[in-house]
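Asker: I am attaching a structure below and will ask some questions about it afterwards.
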């Protein structure tokens with residue numbers, strides 16, 4: 001991993017998000033499947049977080065889960081909507 005990092009073109013990454021994206025494209029498929037599912041199960045929309053920001057994070061985490069162990073579509077809809085419904089219920 002150190003060699004990979006050292007061979008990145010200087011100046012090719014401008015912020016943390018770009019580094020994260022490049023890293024995950026290279027190494028993301030080697031992440032522990034349990035870790036990906038745990039992160040998915042722990043997703044919660046923060047009070048200060050916009051729906052759009054939460055959706056981006058949710059999609060990023062969900063897309064990191066290998067296809068053969070992704071939660072079913074019905075659970076996906078519930079998991080995605082529950083934090084949004086709860087945030088509106090607090091008004």
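The values are calculated or read from the model by the stated rules, or taken from the named source; none is laboratory data. Please read these numbers as outputs of a predicted model, since none were measured by experiment.
Asker: So is residue 78 at pLDDT below 85, assigned to a loop (DSSP other than H, G, I, E, B) and over 13 Å from the mean Cα position of the chain (by Cα) or not?
Answerer: Numbers: at pLDDT below 85: yes; assigned to a loop (DSSP other than H, G, I, E, B): no; over 13 Å from the mean Cα position of the chain (by Cα): yes.
Criteria not met by residue 78.
Asker: If you don't mind, another one. Which condition breaks for residue 50 when tested against (1) under 30 Å from residue 5 (Cα atoms); (2) at pLDDT 85 or above?
Answerer: With respect to (1) under 30 Å from residue 5 (Cα atoms); (2) at pLDDT 85 or above, residue 50 is out only on (1).
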